[in-house]
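Reviewing the structure listed below.
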Number of protein chains: 4
Amino acid sequence: MSDRKPVFLVLGAGAGIGGNAAKRFAKGGYHVVLARRSNSGGLEEMVRQITDAGGSASGQLIDAALPGSIEDLVEQVEANIGPIECALFNLGAQIGNRKLADTSYKAFEMGWRLATFAPFRLASALFPKMVERGSGTFIVTSATAAMRGNAGQHSHAAAMGGRRMLCQTLNAEFAPQNIHVAHVVIDGPVDAPDTLGKMLGDQFDAYKASKGADGVIDPSAIAETYWHIAHQPRSAWTHELDIRPFGDTPWWNDN
Amino acid sequence: MSDRKPVFLVLGAGAGIGGNAAKRFAKGGYHVVLARRSNSGGLEEMVRQITDAGGSASGQLIDAALPGSIEDLVEQVEANIGPIECALFNLGAQIGNRKLADTSYKAFEMGWRLATFAPFRLASALFPKMVERGSGTFIVTSATAAMRGNAGQHSHAAAMGGRRMLCQTLNAEFAPQNIHVAHVVIDGPVDAPDTLGKMLGDQFDAYKASKGADGVIDPSAIAETYWHIAHQPRSAWTHELDIRPFGDTPWWNDN
Amino acid sequence: MSDRKPVFLVLGAGAGIGGNAAKRFAKGGYHVVLARRSNSGGLEEMVRQITDAGGSASGQLIDAALPGSIEDLVEQVEANIGPIECALFNLGAQIGNRKLADTSYKAFEMGWRLATFAPFRLASALFPKMVERGSGTFIVTSATAAMRGNAGQHSHAAAMGGRRMLCQTLNAEFAPQNIHVAHVVIDGPVDAPDTLGKMLGDQFDAYKASKGADGVIDPSAIAETYWHIAHQPRSAWTHELDIRPFGDTPWWNDN
Amino acid sequence: MSDRKPVFLVLGAGAGIGGNAAKRFAKGGYHVVLARRSNSGGLEEMVRQITDAGGSASGQLIDAALPGSIEDLVEQVEANIGPIECALFNLGAQIGNRKLADTSYKAFEMGWRLATFAPFRLASALFPKMVERGSGTFIVTSATAAMRGNAGQHSHAAAMGGRRMLCQTLNAEFAPQNIHVAHVVIDGPVDAPDTLGKMLGDQFDAYKASKGADGVIDPSAIAETYWHIAHQPRSAWTHELDIRPFGDTPWWNDN
């Protein structure tokens, strides 16, 4: 039960952007539903932290790549917890740089399945309900690869480029129906133990140190911007924005 | 004297975005300096409204097209009021749609002078001081014409396209020096009596009615987003974002 | 046998862009391989037209959506005809405007399979051979939907956005290896009986008449531009360009 | 007299792109008018080379920054030589990288005057005549700085960003009147003795050698692409394209 709180659903609720967004929306009065693929212990701990801080939260493990999984999640949350007022799609599909010869068909398809098809499925399941209720917000965490395709990013960039255009088609159809769709280009490294941290392993701390103070994006700052976007009055909605550390070169500039 | 309050300078402080941003920053604890070209009565009234609400404000008439005017303003504010922590460049140069044959050299140059050269002058006067202090924020209100050039927009689009690239070069040099530069693409009509209101005259109310509820951007909502941007932690800065009413077609979509 | 002629492979060799490109490259001295999904009679006729005009051509029916089909085609052409010097990926996935509720998962996936995954498969099969030979050209016919997502284009825009980013990642890895990758944004209706013609049926002629003289893109003009791109010296390669009728509004402008 | 040949006017006819375009159009049957700021000896030599090769050419020194200069040139050419069918605006305003503190107001204004205002003046003088004649082509050599603003490029990027938007507004108004406007993004170093050569001086040869074979753009290849664009049938016009050496990183990719 959410005590009639509005519901915030996070797909991809790790310890980085997803978890911090959940904390921010819980603090703001939402019941947050944290969905992630693995680590039930971590998930429970995250729920506990939020409830200990006086917030309202629940968690669910979900394999977004499985047929029906996202759709079932939406149905269950809506039936058992309450209407989802804001959803954050926070799954990525970064697999590191791989040459074409090392990018298997399976990897290329999995990129699409998680990064393009999954948000399409979430929107397909959720937007009819939001339309019926007359409002809703859909925030999509995205990446520089949605803006330009670098060497080695065949799977990731193709998936993210598709994601960006999808966000635009969703916005084109649903913004006039009072559903706010936002595509957020995270153009820098995020201090996220579950993604960048896992990828870098032992070298994560050294990497962060090498970037200097505030050289890696604080995910709680992203969460604050998500909160802001989600609460812009509808006469002044933002569809796309970029976020990067002050010392980082934007994607469009030469390094 | 600003009682040690940080200073927020608005160039283009009419009753729309500029005035509302001033109110928002005054509410947030800044001393605001409102600069505009004409209507000293309106300017005084705006200052009074802010001070009546408990804020700190001062006003100054300035013709930004005049050599030295912006530079003098910066010097005077810094000398007499305090260090400018955040500046909003809010002057536009929209002159309506004119065919090439009806776009005089003078109009084309004036577009550049107000919309491209003036923010360059403001940055040239202000950024050295911000660099010396180690921080600062520079927000530029911009327009769709910075993203694409429509028919009849020769002067405006050329000026705004220059403005956008200037914001990128300023960001490239100064973001690593802790100066936050933001280019905000206002992609819709603003409920601004001094600009759109003047342009439409008697038809302003009918126009707003024709757009329906929340069909015209509430400038106080833009002000709120400016406040948010100005206070993002430096590990998570936004350089560019768009703002439009929920029911409006984004510039990249077909009408 | 191609008499040692260089080989030009067209995937999507209908009577529009694909067929005209084949004619142009045959005229220029290539042996052209025309591959399309259906209508063996039309395919034979197209081959005959080219050979009657003194060119060298062969045809093959292929269902690009089938696993292995594109890969087998590349192997067979390379083994039996000769090294593919230039390949044109000319398959689209436009299914007309459909609301989200009317865009099935199957349709969304098929869009990706034909418009994003298929060119990835072609590149994966072909580029290693081109790299070994030290040169090659890969032209991709693309669409406005690769640049922005309009209402109703969920499947098409997501697929084309992925395609554009893929072309960039391919270019990033392979241009330095002397493989020219070009992404061509066809931003207007093409006088193509097999695609637009089929979609409009009886109304095709009326549609063309309504657009006025030269109001619909002549596919032989596109073919000429493809020829030009394919033969730019490598010190001066073009990666992306747009093509539209003189009277049409570019995608970035208001209609 | 041009013996009824169509006229091709080049503003910025140095030994790089401008001169090579002139040669290409002369070879194709145009009378070419070469206009440049200085070096009458070099200009005469260029005219002689073209006429020696059987082409038709004339030259004129012009300071494009002077009021009336471009306008007079257009009038004189049209009166004394013939109708200008195609004009190439080939003046740049690159002054090298300069920090904001080192970018004088004068330099910033000169950038605009040469790179934004000058093409506006050329279009203002020429387009009415083209409209009256019912056709024309206007090609603008542009630069990466029109797409994104790098550090140190305050003057250049602001000017080029304005130029790009101007090309779009010109295209929006005049393409439907059968005037082809093309904005060509030269995204790499050009083998041009008068510009890059002068800037690098003694180090020009070493620089070219460091880029490897075909590592610097051959301006005659650009000229060939200009020729192609200028002769696209009007059902299939290109407005924007990029050109770079095969081994160079596109502006949108990481170096």
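The set of residues in region D:7-22 that are over 15 Å from D:GLU85 (Cβ atoms) and over 9 Å from the mean Cα position of the chain (by Cα) comprises D:GLY14, D:ALA15, D:GLY16, D:GLY19, D:ASN20.
Given the structure, is C:ILE139 aliphatic (A, V, I, L, M), farther than 30 Å from C:LEU100 by Cα and modelled with pLDDT of 95 or more? So C:ILE139 fits the description; yes. Restricting A:GLY68, A:GLY82, A:GLY54, A:GLY12 to residues that are at pLDDT 95 or above and in contact with a strand residue (DSSP E or B) (Cβ under 6 Å, 6 or more places away or on another chain) narrows the list to A:GLY82. Modelled with pLDDT of 95 or more, crowded, with 18+ Cβ neighbours inside 10 Å, closer than 13 Å to B:HIS156 by Cα and within 14 Å of chain D (Cβ to nearest Cβ): is that true of B:LEU100 in this structure? It is true that B:LEU100 is modelled with pLDDT of 95 or more, crowded, with 18+ Cβ neighbours inside 10 Å, closer than 13 Å to B:HIS156 by Cα and within 14 Å of chain D (Cβ to nearest Cβ). Listed by first and then second residue, the pairs linking a residue in region B:56-85 that is in contact (Cβ under 8 Å) with a residue 12 or more places away in the chain and more than 20 Å from B:SER135 (Cα to Cα) to a residue that is hydroxyl-bearing (Ser, Thr, Tyr) and in a loop (DSSP other than H, G, I, E, B), with Cβ atoms under 8 Å apart and 6 or more places separating them unless they lie on different chains, are B:SER56/B:SER2; B:SER56/B:TYR30; B:LEU61/B:SER38. Please determine whether any residue of region B:169-178 is surrounded by fewer than 22 Cβ atoms within 10 Å (Cβ to Cβ) and either in contact (Cβ under 8 Å) with a residue 24 or more places away in the chain or within 13 Å of the chain's Cα centre (by Cα) (or both). Yes, because at least one residue in region B:169-178 is surrounded by fewer than 22 Cβ atoms within 10 Å (Cβ to Cβ) and either in contact (Cβ under 8 Å) with a residue 24 or more places away in the chain or within 13 Å of the chain's Cα centre (by Cα) (or both). Number of residues in region B:53-72 that are hydrophobic (A, V, I, L, M, F, W, C) and under 21 Å from B:LEU166 (Cα atoms): the value is 4. The set of residues in region C:228-251 being over 19 Å from C:ASN178 (Cβ atoms) and touching a residue at least 12 places away in the same chain (Cβ under 8 Å) consists of C:LEU241, C:ASP242, C:ILE243, C:ARG244, C:PRO245, C:PHE246, C:GLY247, C:ASP248, C:PRO250, C:TRP251. Taken over region A:212-227, the residue count meeting the criterion of being free of Cβ contacts under 8 Å to residues at least 40 places away in the same chain and within 24 Å of the chain's Cα centre (by Cα) is 6. Only one entry of A:ASP187, A:ASP248 meets the criterion of being acidic (Asp, Glu) and over 16 Å from the mean Cα position of the chain (by Cα), and that entry is A:ASP248.
Just to verify a result, which residue in region B:120-178, among those that are farther than 30 Å from C:THR249 by Cα and of a type in the set (Val, Ile, Thr), is farthest from the other protein chains (Cβ to nearest Cβ)? For region B:120-178, the residue satisfying everything is B:ILE139. Being over 14 Å from C:ALA13 (Cα atoms) and surrounded by fewer than 18 Cβ atoms within 10 Å (Cβ to Cβ) is the filter here; which residues of region C:49-63 pass it? The answer is C:THR51, C:ASP52, C:ALA53, C:GLY54. Out of everything in region D:216-234 that is more than 21 Å from D:PRO6 (Cα to Cα) and facing another protein chain (nearest Cβ under 7 Å), what residue ends up being surrounded by the most Cβ atoms within 10 Å (Cβ to Cβ)? The qualifying residue surrounded by the most Cβ atoms within 10 Å (Cβ to Cβ) is D:ILE217.
Given the structure, is A:LEU200 modelled with pLDDT under 95, within 19 Å of A:VAL140 (Cα to Cα), more than 8 Å from every other protein chain (Cβ to nearest Cβ) and assigned to a helix (DSSP H, G or I)? When the stated conditions are applied, A:LEU200 does not pass them. The selection criterion, being within 30 Å of A:ARG148 (Cα to Cα), under 15 Å from the mean Cα position of the chain (by Cα), away from chain A (no Cβ under 14 Å) and acidic (Asp, Glu), does not hold for C:ASP194. When region C:109-121 is filtered for residues that are surrounded by fewer than 24 Cβ atoms within 10 Å (Cβ to Cβ) and either touching a residue at least 24 places away in the same chain (Cβ under 8 Å) or in a loop (DSSP other than H, G, I, E, B) (or both), the ones remaining, listed by number, are C:MET110, C:ARG113, C:LEU114, C:ALA118, C:ARG121. Restricting region D:136-166 to residues that are charged (D, E, K, R) and assigned to a helix (DSSP H, G or I) leaves a set whose member that is surrounded by the fewest Cβ atoms within 10 Å (Cβ to Cβ) is D:ARG164.
Considered as a group, the residues in region D:49-76 that are under 25 Å from D:HIS228 (Cα atoms) and part of a helix (DSSP H, G or I) include one that is farthest from the chain's Cα centre (by Cα), and that residue is D:ASP52. Within region B:221-255, the set of residues being under 27 Å from B:SER210 (Cα atoms) and among the basic types (Lys, Arg) comprises just one member, B:ARG244. Screening B:ARG133 against (1) crowded, with 19+ Cβ neighbours inside 10 Å; (2) among the charged types (D, E, K, R); (3) over 22 Å from A:SER235 (Cβ atoms); (4) touching a residue at least 40 places away in the same chain (Cβ under 8 Å) leaves a single unmet condition, (1).
Across region D:235-255, the number of residues qualifying as charged (D, E, K, R) and more than 7 Å from chain C (Cβ to nearest Cβ) comes to 2. Of all residues in region A:207-254, exactly one satisfies the criterion of being polar (S, T, N, Q), within 20 Å of B:THR137 (Cα to Cα) and not in a loop (DSSP other than H, G, I, E, B), namely A:THR225.
The values are calculated or read from the model by the stated rules, or taken from the named source; none is laboratory data. Everything quoted here is computed from the prediction, not taken from an experiment. Don't worry about glycine lacking a Cβ; one is built from the backbone with ideal geometry, like all the others, and counts go over all protein chains shown.
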